[in-house]
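For reference, the structure discussed in these notes is given below.
Only the coordinates and a few stated rules stand behind these numbers; no lab work does. Quantities reported herein were computed from a predicted structural model and do not represent experimental measurements. Glycine also receives a Cβ, built like all others from the backbone with ideal geometry; neighbour counts cover every protein chain displayed.
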Amino acid sequence: MSAITEVLNFIWNMPEELIEPIEFIPDFLKDALIDSLGLIPFLFIIFVLIEFIERYYAKKRHLFVFWIKKVGPLFGSLFASLPQCGFSVIASTVYTRRLLSRGTLVAVYLATSDEAIPVLLTYPQKAPLILPIIAVKIAVAIVVGYIVDWLVTYNAKEPVIEKVHEDEIEGCCHHHLIHASRKRDFWLHPLKHTLNIFVFIFLISVVLAFILSRAGSEEIMAKYCLMNSPLQPFLVSLVGLIPNCAISVMLTMLFVKNTISFGSLIAGLCTSGGLGILVLLRKNGDKKDTFIILGLLVLVGTILGLIFQYNVFNINGLFEAIGVKM
């Protein structure tokens, strides 16, 4: 165990030892490079594991569709909690053919973890928050999913059914799941995904480091971002709706840099349905129905964010009791 720890520390500290002596690089750019380069090997390992999940999922997709149709929000939330946006893409595609309830789709979006979990895993000081985030998102997704099916009675228009080829169904980063069995893609896709997320993290880190160098401190930057304001969870939940993998990465990085609150992070991750929302916007013929679904996500995300931000019902104390500090 000590040998593993030494190797991990060596990998983590190597970018700082290499970059810090370089004098011509501005300090804010050094900070961004150090924060980003050390994540590459950890991200690659994480995405190789996720590739195992996607391979299995691609072969069992028909079972996923069957169960999600039968048992709704419960199993939809559990499947969607896996750290990739492929399930939200499939759920959106199935929903646009009215083979899925609205509550189940909302539950899938609320539970979708997307890129936040892999990014948090690369920050040891924040890693203990992963299980609470997943637990909260799953619990809320299940409850809200069944409530939506029970209370929201608007009947969405029936779609015009088009034949869908298997290779049109994509996982994260437009990764075609039908090709998941190729040995080359097994290593190529995690590498591509790692580089994509590295670029996202690096660009976001550069912007944050530059702003921080101008603001003077994280506290001042957090003030500019409305830290502890009731508006922050609402605004972050709107940002989370943007259908791109970079959004959950950006929100996680803002949280790691103490610029948005944990409540705001939760709010943004609840609305961050990844590419599934893009599929819904493109393929759902009933725009009012789409507006209802997106509105529900923002409402739930904002309320949940405010609950954590202001410690309503002493919810933070529940997690601190098991050793997790919010």
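The modelled label-to-label distance between LYS283 and LEU299, using points 7 Å beyond Cα along the C-beta direction, is 2.6 nm. Residue exposure proxy: GLU158, GLU20, GLU115, ordered by other Cβ atoms within 10 angstrom of their Cβ from fewest to most, comes out as GLU158, GLU20, GLU115. Under a crude label model (7 Å from the Cα following the beta-carbon direction), how far is ASP27 from MET14 in nanometres? Placing both labels 7 Å along Cα→Cβ, they lie 2.8 nm apart. To the nearest 0.05, how large is the calculated FRET efficiency for VAL48 and ASN228 if R₀ is 30 Å and r is the Cβ-Cβ distance? FRET efficiency, VAL48 to ASN228: 0.20. Counting beta carbons within 10 Å around each of MET250, MET227, MET14 and listing the fewest first gives the order MET14, MET227, MET250.
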